[in-house]
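What follows is calculated from the coordinates using simple rules that are stated; it is not laboratory data. The model shown is predicted, which means the values in this text are computed figures rather than measured ones. Quick reminder, even Gly has a Cβ in these numbers, built from the backbone with ideal geometry, and neighbours come from all protein chains shown.
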Amino acid sequence: MVSWNDGETSSDSVLPLPDEVDEEPHRPTTIEDKDWSGIDATGKHLCKDGNAPERLVVFDGLNTGRRFYGCTEKEGNNCGVVEWVDNEWPYALKNSLTKLWALYKEAKAVRIRDNLTNEEKISKLEAEMKML
C-alpha cells in the first residue's frame, strides 16, 4: 500500500463548495466543443421563450466540462440553463474543481500584480531616460 505524509490529509484539504443556487438564471461561461455545439433542432428542449436552445459546454467553476442546453439570447432575457445533459459531478470532483479554479485565480492575480509592478518600473526608467 502506498503511503506518504506531506502534512495534509484528505480531510484537511476539503474546501467548502460555493453555493450553486443562483437567484437569477444565467448562462455559464462556455467553451467550444466541436462534438457538442449548435442549435438543438429536435424540438425536445425549448427555452422559456419557446426558442430552440444551443448545445453548450461549461468552461469554468464547479460544472466545468458539463454539457447543457442553454438559451441562445446573449443578453437581456437569457433564461440560462434550459436543461443539463450530464449528471451533476460527484462531490470529490467538485472539490477538485474548486481547488483548481482557486489556484488559477490566485496565479492570475499574481500575474496581474507583477505586470503592474513591471509597468511602473518601465515608466520610471523611461522617465529617467528622458531626463538624460
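Per-structure values
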| read-out | value |
| --- | --- |
| Which listed residue, of 119, 106, 73, 88, is more than 24 Å from residue 34 (Cβ to Cβ), in a loop (DSSP other than H, G, I, E, B) and not hydroxyl-bearing (Ser, Thr, Tyr) | 88 |
| Hits in the stretch 38-67 (condition: touching a Ser or Thr at 6+ places or on another chain (Cβ under 9 Å) and either surrounded by 15 or more Cβ atoms within 10 Å (Cβ to Cβ) or at positive phi (or both)) | 47, 52, 53, 54, 55, 56, 57, 58, 60, 61, 62 |
